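Asks: I'd like to ask some things about the structure below.
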Amino acid sequence: MEKIALIGFGASAIGFLKGFEEFKLNDRYVLDVYEKGEDIGRTGFGGLKYDGKLFISKGMGGDLEIPINVQKKVVEFYLVKSGLAKIDDKGNLIFSENIEKGASFENEELYKKFYHAGFEPIRSYFFHLGTDLLTETVQKIYEGYVRVKNINFHFGEEIVGVIPKGKEIVVVGKKEEKIYDKVIVAVGRRGHKLVNDMVKNHPELILSNDKVDLGVRYELPDHIVEDLNKEMYEFKIRLRSKTGYIVRTFCNNPSGKVTIERYDDFLTVNGHANSKQKTSNTNFAVLVTHSFTQPFNDPVGYGSYISKLSNILAGGDKVILQCYEDFKNSKRTKKLGRVEPTLDSSYYILGDLNLALPRRTIESIIDFLERLEGVIPGITYPDNLLYGAEVKFYTNKINNGFFENMKIIGDCSGWTRSITYATAHGYMLAKSMSEMN
Ligand SMILES: Cc1cc2nc3c(=O)[nH]c(=O)nc-3n(C[C@H](O)[C@H](O)[C@H](O)COP(=O)(O)OP(=O)(O)OC[C@H]3O[C@@H](n4cnc5c(N)ncnc54)[C@H](O)[C@@H]3O)c2cc1C
């Protein structure tokens, strides 16, 4: 039997395991799953740890072509595991009463309102698991696969090297080295070091790397966006701003909380929402896409420096918080207004994001919010809050055709940015393997 190593146990690995079982690949292969987290409670990152919003959309989540029926299948899988839905005797999906779900821009009137103001509204369906349900859900998924024949889990095993050698691949762990017939790398964004090392040895793996999204987390009282939240929970829109840069909303959290995202040597902001413990504020990211051309080739470095700069200005291990009017007028915020921040006060300093973000980024954000005021009155109230910096790194886009026996899936491949797309990426790889002789 051929041996496969699957590195990482996050969303894309879950998708692969789902396909591995469904297409009975365990009759042909033995699969070793290596996860650096010490146990199941310490695996996964991002959406499988916080928030857990599941989208079905053609317009967001990644750059792969994922058929809608595959997206639906993946989302149903998580919903059933979480207990928020079940399949009845006739095979129908039945939702539980407390599920948070909705559709974006199904309401044509709303669609047109945004459209006429210059925005591109993105249609999607979504389901919200909530931070509190995620650990249980991932645990149940693991319990389902740990019983399957020829799937072996190895926790606390960080892989530090993947070296293709002809028909075999050497997988270098911190504890030992092993040889496999096939390797699937599914290490997410956190595993960027492993993928960067692989790319250094095989630059042919990179298709492109030229973007970073930079911006702020915006927070305001629920009542300003109440109607919108009720209508669609997550509103995703894009705008080509007056600077020529594309600005978009990302990760809307009604009654949610602003959080810190910790990298090795800097802090950025993010947001999430629990399914039960609610706040009275909504937060969402306003992100500006920066695309660079040669000779500059380090968008990750650019985003990291700006994040570090905002931490330095905030006195170290903190981010900057500013009121909208001060942001617009380039003045340091010294006193907050009516909006109470949901981020713990030990993580922020009142300051001026104009000292950290580039002018083009700031002008793009202001243009976006001012135009949005025409559609959502109150969005530019002077005491609404901005936290910064929020950064979304794009991983190198990987050429998965380069190695026959080594594939890179999920966010570390640069092709996905969401639970649904990452899971579907893994699932589709298993499907394509099942179709091979
Ligand atoms: C704060 C936050 C909130 C988010 N919220 C959402 C959301 O609500 N909805 C949504 O769709 N998306 C969300 N995302 C994005 C989503 O989490 C990712 O797109 C998705 O999890 C990517 O799946 P993946 O398999 O590529 O990586 P991951 O899910 O990150 O899994 C990678 C796994 O590999 C392991 N690993 C890493 N390096 C190694 C190594 N060297 N050796 C062994 N194991 C390793 C990690 O420990 C991890 O368990 C969010 C992201 C963040 C950061």
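Asks: Among the candidates Leu336, Leu267, which residue alone is at pLDDT 95 or above and either among the aromatic types (Phe, Trp, Tyr) or closer than 30 Å to Leu48 by Cα (or both)?
Replies: Leu267
Asks: Related question: If you take the residues in the range 172-197 that are more than 11 Å from the ligand (Cβ to nearest atom) and more than 16 Å from Ile409 (Cα to Cα), which one is surrounded by the most Cβ atoms within 10 Å (Cβ to Cβ)?
Replies: Tyr180
Asks: Residue by residue through the range 156-171, note down the ones that are more than 10 Å from the ligand (Cβ to nearest atom) and on the phi < 0 side of the Ramachandran plot.
Replies: Ile163, Pro164, Lys165, Lys167, Glu168, Ile169, Val170
Asks: Return a yes/no flag: does the range 79-87 have any residue that is of a type in the set (Lys, Arg) and in contact with a strand residue (DSSP E or B) (Cβ under 9 Å, 6 or more places away or on another chain).
Replies: Yes, the range 79-87 contains at least one residue that is of a type in the set (Lys, Arg) and in contact with a strand residue (DSSP E or B) (Cβ under 9 Å, 6 or more places away or on another chain).
Asks: From the list Gly426, Gly351, exactly one residue is more than 16 Å from the ligand (Cβ to nearest atom) and on the phi < 0 side of the Ramachandran plot. Which is it?
Replies: So the residue among Gly426, Gly351 that is more than 16 Å from the ligand (Cβ to nearest atom) and on the phi < 0 side of the Ramachandran plot is Gly351.
Asks: Filter the range 213-262 for residues that are within 16 Å of the ligand (Cβ to nearest atom), buried (at least 18 other Cβ atoms within 10 Å of the Cβ) and of a type in the set (S, T, N, Q) and give the result.
Replies: Within the range 213-262, Asn229, Thr249, Asn252, Asn253, Thr259 qualify.
Asks: While we're on this one: Restricting to the range 65-75, name every residue that is touching a Ser or Thr at 6+ places or on another chain (Cβ under 7 Å) and either away from the ligand (no atom under 12 Å from the Cβ) or among the β-branched types (Val, Ile, Thr) (or both).
Replies: Listed by number, the residues that qualify are Val74, Val75.
Asks: Test each condition in (1) in the same structural domain as Ile40 (by TED's automatic domain parsing); (2) at pLDDT 95 or above for Ala117 and report the one that comes out false.
Replies: With respect to (1) in the same structural domain as Ile40 (by TED's automatic domain parsing); (2) at pLDDT 95 or above, Ala117 is out only on (1).
Asks: Same structure again: Does the range 123-144 contain at least one residue that is at pLDDT 95 or above and part of a strand (DSSP E or B)?
Replies: No, because not a single residue in the range 123-144 is at pLDDT 95 or above and part of a strand (DSSP E or B).
Asks: In the range 165-212, what count of residues is obtained for those that are modelled with pLDDT of 95 or more, over 26 Å from the mean Cα position of the chain (by Cα) and assigned to a strand (DSSP E or B)?
Replies: Adding up the residues that qualify gives 11.
Asks: Which of the residues belonging to the range 386-415 are part of a strand (DSSP E or B) and either among the acidic types (Asp, Glu) or closer than 25 Å to Tyr218 by Cβ (or both)?
Replies: Leu386, Tyr387, Gly388, Ala389, Glu390, Val391, Lys392, Phe393
This table checks each residue for (1) touching a residue at least 24 places away in the same chain (Cβ under 8 Å); (2) among the hydroxyl-bearing types (Ser, Thr, Tyr); (3) in contact with a strand residue (DSSP E or B) (Cβ under 6 Å, 6 or more places away or on another chain).
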position	(1), (2), (3)
Tyr324	yes, yes, no
Asn329	no, no, no
Leu350	yes, no, yes
Leu355	yes, no, no
Ile366	yes, no, no
Leu369	yes, no, no
Leu372	yes, no, no
Ile376	yes, no, no
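Asks: Which residue, of Asp39, Asp88, Asp27, Asp51, is acidic (Asp, Glu) and under 22 Å from Phe235 (Cβ atoms)?
Replies: One residue alone meets the criteria, Asp51.
Asks: Now for a different question. Looking only at residues that are touching a residue at least 24 places away in the same chain (Cβ under 8 Å) and charged (D, E, K, R) in the range 132-167, which one is farthest from Asn400 (Cα to Cα)?
Replies: Asp132
Asks: Something else: Scan the strands (runs of 3 or more DSSP E) fully inside the range 218-293 and keep the ones with 1 or more residues being among the small types (Gly, Ala, Ser) and out of contact with any helix residue (DSSP H, G or I) (no Cβ under 9 Å at 6 or more places or on another chain).
Replies: On the way: elements: 237-240, 246-253, 257-262, 267-272, 281-291.
Filter on the range 218-293 gives 267-272, 281-291.
Asks: Now a separate question. Suppose the filter is in contact (Cβ under 8 Å) with a residue 60 or more places away in the chain, in a helix (DSSP H, G or I) and within 30 Å of Gly244 (Cα to Cα); does Asp383 pass it? Working first, answer last.
Replies: Working: in contact (Cβ under 8 Å) with a residue 60 or more places away in the chain: yes; in a helix (DSSP H, G or I): no; within 30 Å of Gly244 (Cα to Cα): yes.
Against the criterion (in contact (Cβ under 8 Å) with a residue 60 or more places away in the chain, in a helix (DSSP H, G or I) and within 30 Å of Gly244 (Cα to Cα)), Asp383 does not qualify.
Asks: Can I ask one more? Which members of the range 61-72 meet the condition of being of a type outside the set (A, V, I, L, M) and within 19 Å of the chain's Cα centre (by Cα)?
Replies: Of everything in the range 61-72, those that are of a type outside the set (A, V, I, L, M) and within 19 Å of the chain's Cα centre (by Cα) turn out to be Gly61, Gly62, Asp63, Glu65, Gln71, Lys72.
Asks: Looking only at strands (runs of 3 or more DSSP E) that lie completely in the range 1-57, which have at least 1 residues being more than 6 Å from the ligand (Cβ to nearest atom), more than 16 Å from the chain's Cα centre (by Cα) and of a type outside the set (Ser, Thr, Tyr)?
Replies: Per the criteria, 2-7, 29-35.
To keep it simple, each residue is scored yes or no on (1) in the same structural domain as Thr289 (by TED's automatic domain parsing); (2) β-branched (Val, Ile, Thr); (3) under 27 Å from the mean Cα position of the chain (by Cα); (4) in a loop (DSSP other than H, G, I, E, B).
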position	(1), (2), (3), (4)
Phe327	yes, no, yes, no
Lys335	yes, no, no, yes
Thr342	yes, yes, yes, yes
Asn354	yes, no, yes, no
Ile366	yes, yes, yes, no
Ile376	yes, yes, yes, yes
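The values are calculated or read from the model by the stated rules, or taken from the named source; none is laboratory data. Keep in mind that what you see is a predicted model, and the values were worked out from it rather than measured. Glycine also receives a Cβ, built like all others from the backbone with ideal geometry; neighbour counts cover every protein chain displayed.
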